[in-house]
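**Q** One structure is given below, represented as structure tokens, and several questions about it will come after.
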Amino acid sequence: RELLSSDAMKDYNRARVYLDENYKSQEHFTALGSFYFLHESLKNIYQFDFKAKKYKKVTGKEIYSDTLESTPMLEKEKFPQDYFPECKWSRKGFIRTRWCITDCAFDLVNIHLFHDASNLIAWETSPSVYSGIRHKALGYVLDRIIDQRFEKVSYFVFGDFNFRLDAKAVVETLCAKATMQTIRAADTNEVVKLIFRESDNDRKVMLQLEKKLFDYFNQDVFRDNNGTALLEFDRELSVFKDRLYELDISFPPSYPYSEDSNQGRQYMNTRCPAWCDRILMSHSAKELILKSENDEKIVIYDHIGPNVCMGDHKPVFLSFRIAAGAGKPIANVHKCCVVQ
């Protein structure tokens, strides 16, 4: 409420806020929140009512919290528990809203996919079992938002995808000249730790790997040149190349940053740094983005607060202009602008 009434946001005269706060509902709770602020310069803005199947003009500022199941202006769903059985009570899911600005309609989908429960399990196979679970969940969402219930429009999907680097390939690359020591639990013989040491150089420890420990001796590899050298191991999105498009990544891995307020650039030694936080789009949505006709950079895909502690994730943003009339060739979306 402070944000809605702040001086910094005074030019945003309409807003829709959706907060899933009903944590007592084990069946539906996703812990997701979507905030939409609409600038006064935008005139004809409509939002889709999924129950009435028609667009309604957006006026004023409204906040919806607690249970969102009764709100027809969005679709919300939690993934079935059997998608990620290792987690006793998962909150992962998605929230979808649909908008129409002048002649252009599109879906905005806030998503949270499953994490890696163990570095050791993630390291065992390539691609990892967790990558397969995320693949299944993201495929479910994409099928859901283009099913036959509603007219198809362009869509943007954003949030914490929990995409990880190919752990096995990364470790083999970072520790190519190292020898591996395996430490097992005395009672179960289960692998509990892997230690990679340099073959010479006094057997210096390069990497220690445990269930929730990824302690590599030189974090600069993840920060130098925005970690570009590691992008080749960011492979989870390749499965969806025919369905999803992403602008080139030019920012360092967005997770897991230290939560120490004095260490804004430092990664925690819990997971291999990865680009978990992304903004993806349908190929038709890519065509909505206005292409620059000169050297002016109109489209920006970047992270926020590179040197500031903002929790274990760095927020990621996409800034662009929508081409005038861009939605017209896609569908009869202009109908929305004559509906109450």
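**Q** Apply the a/c threshold of 1.5 to the C-alpha gyration tensor of segment 159-224 and tell me whether it is rounded, prolate or oblate.
**A** Oblate, since a/c reaches 1.5 and b/c is not below a/b.
**Q** Between F320 and R265, how many nm apart are label points set 7 Å from Cα along the C-beta direction?
**A** 3.0 nm
**Q** Still on this structure, please answer the following. Within segment 186-238, report the GluC sites (Glu not before Pro) that DSSP leaves as loop and that have at most 13 other Cβ atoms within 10 Å.
**A** E190
**Q** I would also like to ask the following. With every protein chain present, what is the per residue accessible area of segment 196-243 (1.4 Å probe, Å²)?
**A** 60 Å²
**Q** On a C-alpha basis, how far is the centre of segment 170-217 from the centre of segment 30-61 in Å? Whole number, if you could?
**A** Their Cα centres are 51 Å away from one another.
**Q** Counting only protein heavy atoms, what percent of the accessible surface of the chain is carbon or sulfur at a 1.4 Å probe?
**A** 49 percent
**Q** Right, another one. Can you tally the net charge around N269? Count Lys and Arg as +1, Asp and Glu as -1, for every other residue whose Cβ sits under 15 Å from the Cβ of N269.
**A** Around N269, the surrounding residues sum to -1.
**Q** Going by amide H atoms built from the backbone, whose H comes under 5 Å of the H on I322, apart from near neighbours?
**A** HN-HN under 5 Å from I322: L290.
**Q** Then there is this: Just to confirm the filter: which chymotrypsin sites (Phe, Trp or Tyr not before Pro) across segment 1-109 are DSSP coil and have at most 14 other Cβ within 10 angstrom of their Cβ?
**A** In loop regions of segment 1-109 (DSSP not H, G, I, E or B), the sparsely surrounded chymotrypsin sites (Phe, Trp or Tyr not before Pro) are Y23, W89.
**Q** Alpha carbon centre of segment 235-284 versus segment 4-28: separation in Å?
**A** 25 Å
**Q** State in Å² the accessible area per residue of segment 1-120; use a 1.4 Å probe, count heavy atoms of protein chains only, and round to the nearest integer.
**A** Per-residue accessible area for segment 1-120 comes out at 50 Å².
**Q** Also, I was wondering about something else. Taking the Cβ of E40 as the center, what net charge do the other residues with Cβ under 10 Å away carry, scoring Lys and Arg +1 and Asp and Glu -1?
**A** For residues surrounding E40, the net value is +2.
**Q** Kindly state, to the nearest 0.05, the FRET efficiency for M180 paired with D147, given R0 = 56 Å and r defined as their beta-carbon distance.
**A** 0.75
**Q** Return one whole number: the accessible area per residue of segment 134-193 in Å², for a 1.4 Å probe.
**A** Value returned for segment 134-193: 50 Å² of accessible area per residue.
**Q** Relative to the longest principal Cα axis of the chain, at what angle does helix 129-145 sit, 0 to 90 degrees, rounded to 10?
**A** It works out to around 10 degrees.
**Q** In percent, what relative contact order does segment 1-87 have, based on Cα pairs under 8 Å that are 6 or more apart in sequence?
**A** 31 percent
**Q** Which whole-number percent is the relative contact order of the chain (Cα, under 8 Å, 6+ apart)?
**A** About 15 percent, as a whole number.
The values are calculated or read from the model by the stated rules, or taken from the named source; none is laboratory data. Source: prediction; values computed, not measured. When we count neighbours, we look across all protein chains shown, and the Cβ atoms used for this are built from the backbone with ideal geometry, even at glycine. To get the accessible areas, we keep the full protein, side chains included, count just its heavy atoms, and leave off ligands, DNA and RNA. Shrake-Rupley method; radii C 1.70, N 1.55, O 1.52, S 1.80 Å.
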